[in-house]
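Comments concern the structure below.
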């Protein structure tokens, strides 16, 4: 039986300039809550979003870079 290849995440398939919703961002960051996204924004861990008609969006390239930075940062001892 052929082995299944890992499917890319939706973020991997988007161009850098594509917009990612807050719901998509929460899923990509491990199903975190809206409050966690807000706290991370306040702490400067993630950049401020672009607001369009009252909704929050991030550029896919920025989301990828942020995710890479957050996952590569060593945990504080």
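The values are calculated or read from the model by the stated rules, or taken from the named source; none is laboratory data. Bear in mind the structure is a predicted one, so any value in this text is a computation, not a measurement. Cβ placement follows ideal geometry from the backbone for every residue including glycine, while neighbour counts extend to all protein chains displayed.
Okay, here's what the table says:
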{"read-out": "Per-region count, segment 62-77, residues surrounded by fewer than 18 Cβ atoms within 10 Å (Cβ to Cβ) and either in contact with a helix residue (DSSP H, G or I) (Cβ under 8 Å, 6 or more places away or on another chain) or at pLDDT 95 or above (or both)", "value": "1"}
{"read-out": "Within segment 1-45, helices (runs of 4 or more DSSP H) holding 3 or more residues that are surrounded by 14 or more Cβ atoms within 10 Å (Cβ to Cβ) and at pLDDT below 95", "value": "22-28"}
